[in-house]
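Q: First, the structure itself, so that you have it in front of you.
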Amino acid sequence: MTEMSGVPGDLQESSNPLALIDPAAIRANPNNPRRYFNEERLDLLRTSIQEVGILVPLIVYRSAENADDFVLMDGERRWRCSLDLGLDVVPVNIIPTPNPLDNLLQMFNIHNVREDWPLISVALSLREVIAISGEEGEKRLSEMTGLTRSTVRRAKRLLSIPDSEISLIQEEAHLDRTRQVHREDLYLEIEAAESVLRNELPEAVSSYTRAEVIRAFATKAEVGSLRAVTDFRSVGKLVKAIDEDVVERETVEAAVVRLIEDSHASPNSIFDDIAAEGYRQQSIQRKSQVLVNDIREALGSGGVLSTALRTDLLELRAAIDQALGEPQ
């Protein structure tokens, strides 16, 4: 039998010919890492199947409970569409029944070569791999599943948020990205911001649980207080402002409490209120020091100031006098 594109050869049995079976005899694989299916893309696939049929066979294995029933290894979208269209039979390749861990890992490796799934799908299936195998190392999990180490790391971070928030992501996972509020990238930014506060400014969040801070930050997306999910990076900039002597620690602590308590206060607006001006003045100070050194070097070399430069320096002196409150 010719190996299908994108499907590992060890998942196909050359001794098993292509079969045609009733799609009603097939059930979804509970360990499918994909989990969520975009409705618009399903509509397009249904139209294609109506016109040309199912061109790529599904991959199934026999159910352990009933040999006449089958479980999907690959092809859930095609299977769902076949049920919607009322097809009598679908083409399948039947493979040996895997054990639970092999089932998970084979599905990872089948689907990993296709289009990306939502990170929440990856994370929930990765959690099952960890539970069954007992393996938690990032490198080893990457090798087992075929995921990149970066994806494993992001998935594990997503799994660290409260289950109630994970449920909100799951409820919207089938929607187009533009319609999702509770997106994975939102929660990754929130998780990073909460971790920065918990580690670098613990006194500001000591009165709140981790779940409470994450919920407070997620509420900002729900009420429309954010311009982008990356707004939460201003939390890290606020903490850094303390180390750079831009703003007092107590001021940032109070600002963080306000950020948690006020759902309409955005991280960017808080940063602009208490730190932006300090950074601006710090920048002016650095530039002033460079300018002073340049002027002294120009005068020390015996050079004659050009008319244009004298004009600019007079304008600069006037601005400095105004800033210092001295008469011009």
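The values are calculated or read from the model by the stated rules, or taken from the named source; none is laboratory data. The structure displayed is predicted, hence computed values, not measured ones. Don't worry about glycine lacking a Cβ; one is built from the backbone with ideal geometry, like all the others, and counts go over all protein chains shown. Accessible surface is based on the protein model in full, side chains and every heavy atom, while ligands, DNA and RNA are left aside. Shrake-Rupley method; radii C 1.70, N 1.55, O 1.52, S 1.80 Å.
Q: Search region 222-232 for residues being in contact (Cβ under 8 Å) with a residue 12 or more places away in the chain and either assigned to a loop (DSSP other than H, G, I, E, B) or in contact with a helix residue (DSSP H, G or I) (Cβ under 7 Å, 6 or more places away or on another chain) (or both), and hand back the single one that is most open to solvent (accessible area, probe 1.4 Å). Can you show your working first?
A: Here is the first cut: in region 222-232, the residues in contact (Cβ under 8 Å) with a residue 12 or more places away in the chain are 222-223, 225-227, 229-232.
Filter again for either assigned to a loop (DSSP other than H, G, I, E, B) or in contact with a helix residue (DSSP H, G or I) (Cβ under 7 Å, 6 or more places away or on another chain) (or both), leaving 223, 225-227, 229-232.
Working: V223: 68, S225: 22, L226: 36, R227: 190, V229: 32, T230: 60, D231: 9, F232: 4 Å².
The residue in question is R227.
Q: So which of I94, I49, I59 ends up being touching a Phe, Trp or Tyr at 6+ places or on another chain (Cβ under 9 Å) and surrounded by 18 or more Cβ atoms within 10 Å (Cβ to Cβ)? Show your work before the answer.
A: Details: I49 fails: touching a Phe, Trp or Tyr at 6+ places or on another chain (Cβ under 9 Å); I59 fails: touching a Phe, Trp or Tyr at 6+ places or on another chain (Cβ under 9 Å).
Residue meeting the stated conditions: I94.
A quick yes/no check of all residues on (1) at pLDDT 85 or above; (2) surrounded by fewer than 22 Cβ atoms within 10 Å (Cβ to Cβ); (3) closer than 26 Å to V152 by Cβ:
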position: L83; (1), (2), (3): yes, yes, no
position: V89; (1), (2), (3): yes, yes, no
position: P118; (1), (2), (3): no, no, yes
position: L124; (1), (2), (3): yes, yes, yes
position: I130; (1), (2), (3): yes, yes, yes
position: S133; (1), (2), (3): yes, yes, yes
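Q: A further question on this structure: With respect to L186, determine if the residue is open to solvent by less than 50 Å² (accessible area, probe 1.4 Å), aliphatic (A, V, I, L, M), closer than 30 Å to L42 by Cβ and in a helix (DSSP H, G or I).
A: Details: open to solvent by less than 50 Å² (accessible area, probe 1.4 Å): yes; aliphatic (A, V, I, L, M): yes; closer than 30 Å to L42 by Cβ: yes; in a helix (DSSP H, G or I): yes.
Yes: the conditions hold for L186.
Q: Separate question: Does region 256-309 hold any residues that are open to solvent by 50 Å² or more (accessible area, probe 1.4 Å) and in contact (Cβ under 8 Å) with a residue 40 or more places away in the chain, and which are they?
A: Within region 256-309, V257, E261, H264 qualify.
Q: In region 62-80, what count of residues is obtained for those that are part of a loop (DSSP other than H, G, I, E, B) and either within 15 Å of A24 (Cα to Cα) or open to solvent by less than 40 Å² (accessible area, probe 1.4 Å) (or both)? Don't jump to the end; show me each part of the working.
A: Applying the first criterion (part of a loop (DSSP other than H, G, I, E, B)) to region 62-80 yields 63-69, 75.
The next check asks that each one be either within 15 Å of A24 (Cα to Cα) or open to solvent by less than 40 Å² (accessible area, probe 1.4 Å) (or both); those that pass are 63, 66-69, 75.
Of the residues in region 62-80, 6 are part of a loop (DSSP other than H, G, I, E, B) and either within 15 Å of A24 (Cα to Cα) or open to solvent by less than 40 Å² (accessible area, probe 1.4 Å) (or both).
Q: Are any of the residues in region 291-302 β-branched (V, I, T) and modelled with pLDDT of 90 or more?
A: We begin by selecting, within region 291-302, every residue β-branched (V, I, T); these are 292, 295.
This time we only want the ones that are modelled with pLDDT of 90 or more, so: none.
No, every residue in region 291-302 fails to be β-branched (V, I, T) and modelled with pLDDT of 90 or more.
Q: Going through region 189-211 one residue at a time, which ones are surrounded by 14 or more Cβ atoms within 10 Å (Cβ to Cβ) and over 20 Å from K156 (Cα atoms)? It would help to see each step written out before you state the result.
A: First, pick out the residues of region 189-211 that are surrounded by 14 or more Cβ atoms within 10 Å (Cβ to Cβ): 189-198, 200-201, 204-205, 208, 210-211.
Those that are surrounded by 14 or more Cβ atoms within 10 Å (Cβ to Cβ) and over 20 Å from K156 (Cα atoms): E200, L201, A204, V205, Y208.
Q: Given the conditions (1) within 15 Å of S195 (Cα to Cα); (2) crowded, with 16+ Cβ neighbours inside 10 Å; (3) free of Cβ contacts under 8 Å to residues at least 24 places away in the same chain, which single one is not true for V235?
A: If we test V235 against (1) within 15 Å of S195 (Cα to Cα); (2) crowded, with 16+ Cβ neighbours inside 10 Å; (3) free of Cβ contacts under 8 Å to residues at least 24 places away in the same chain, just (3) comes out false.
Q: Continuing with this model, one more query. Only one residue in R127, R153, R157, R215 is more than 15 Å from the chain's Cα centre (by Cα) and under 30 Å from L101 (Cα atoms). Which one?
A: Working: R153 fails: more than 15 Å from the chain's Cα centre (by Cα); R157 fails: more than 15 Å from the chain's Cα centre (by Cα); R215 fails: under 30 Å from L101 (Cα atoms).
After ruling out the rest, the residue left standing is R127.
Q: For region 135-144, does any single residue satisfy the condition of being part of a helix (DSSP H, G or I), polar (S, T, N, Q) and in contact (Cβ under 8 Å) with a residue 12 or more places away in the chain? It would help to see each step written out before you state the result.
A: Just the residues of region 135-144 that are part of a helix (DSSP H, G or I), to begin with: 138-144.
Checking the rest, the ones that are also polar (S, T, N, Q) come to 142.
Narrowing further to those that are in contact (Cβ under 8 Å) with a residue 12 or more places away in the chain: none.
No, region 135-144 contains no residue that is part of a helix (DSSP H, G or I), polar (S, T, N, Q) and in contact (Cβ under 8 Å) with a residue 12 or more places away in the chain.
Q: Quick check: is even one residue across region 106-114 of a type in the set (D, E, K, R), part of a loop (DSSP other than H, G, I, E, B) and more than 25 Å from the chain's Cα centre (by Cα)? Explain how you work it out, then say what you get.
A: Within region 106-114, the first condition is being of a type in the set (D, E, K, R), and the residues that meet it are 114.
Narrowing further to those that are part of a loop (DSSP other than H, G, I, E, B): 114.
Add one more test, that the residue is more than 25 Å from the chain's Cα centre (by Cα), and what stays is none.
There is no residue in region 106-114 that is of a type in the set (D, E, K, R), part of a loop (DSSP other than H, G, I, E, B) and more than 25 Å from the chain's Cα centre (by Cα).
Q: Every residue in region 139-171 that is surrounded by 15 or more Cβ atoms within 10 Å (Cβ to Cβ) and of a type in the set (D, E), please.
A: Passing the criteria: only E165.
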